[in-house]
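Only one structure is covered here, and it is reproduced in the block below.
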């Protein structure tokens, strides 16, 4: 085995990475998601009350999540040329990205029927892009949370019927 100076090794790792004071979309996929979520949550805040902007953010998130749902995420294990394990990375997983994309929007949009409907439509759309069991389980979890929120928060029967219809479609797609 070849001896390597630790400082030289660390420097070589740093050269391969982009390091900065601020997160960027090139470094961190969750950064982009968090920006869209922030815009959506502000749009549905009581002071602004603009569900159309929140829906547009959900549409953008959905497009990105559809692309991610089709991908196979890399293994957290990194090996050298001699096939020796060198690093165990903290992997980004689809379920975590989905949580980042939907949790806050769901939590802040409980009384907003249009936003809840769009989130269920988004889940159905994303489900068409993945057959991965874990991804589908995560999508089902979010659909169920939205449905429970609506049962507790939405009193108008017509609105509940619309939400139930979108929920049923999402579940049907997830089961296919």
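The values are calculated or read from the model by the stated rules, or taken from the named source; none is laboratory data. Owing to the predicted nature of the structure, the values given are computational and were not obtained by experimental measurement. Here the Cβ is made from the backbone with ideal geometry for all residues, glycine too, and neighbour counts use every protein chain on show.
Miscellaneous remarks
- Residue pairs whose Cβ atoms lie under 8 Å apart, separated by 6 or more positions or on different chains, with the first residue in segment 157-176 and free of Cβ contacts under 8 Å to residues at least 60 places away in the same chain and the second surrounded by 11 or more Cβ atoms within 10 Å (Cβ to Cβ) and outside any helix (DSSP H, G or I), are 160/154; 163/154; 173/128.
- Filtered by the rule that a residue be at pLDDT 90 or above and more than 18 Å from residue 123 (Cβ to Cβ), segment 51-80 gives 52, 53.
- Within segment 41-64, the set of residues being over 13 Å from the mean Cα position of the chain (by Cα) and closer than 21 Å to residue 129 by Cβ comprises 55, 56.
- Listed by first and then second residue, the pairs with beta-carbon distance under 8 Å, at least 6 apart or on different chains, first residue in segment 94-119 and on the phi < 0 side of the Ramachandran plot and at pLDDT 95 or above, second surrounded by fewer than 16 Cβ atoms within 10 Å (Cβ to Cβ) and in a helix (DSSP H, G or I), are 118/59.
- Members of segment 148-159 found to be assigned to a helix (DSSP H, G or I) and within 11 Å of residue 111 (Cα to Cα), listed by number: 149, 150, 151, 152, 153, 159
- Residue satisfying all of: in segment 68-89; without any contact (Cβ under 8 Å) to a residue 60 or more places away in the chain and within 30 Å of residue 115 (Cβ to Cβ); surrounded by the most Cβ atoms within 10 Å (Cβ to Cβ) among these: 68
- Candidates are the residues of segment 120-158 that are more than 16 Å from the chain's Cα centre (by Cα) and crowded, with 17+ Cβ neighbours inside 10 Å; the one that is modelled with the highest pLDDT is 147.
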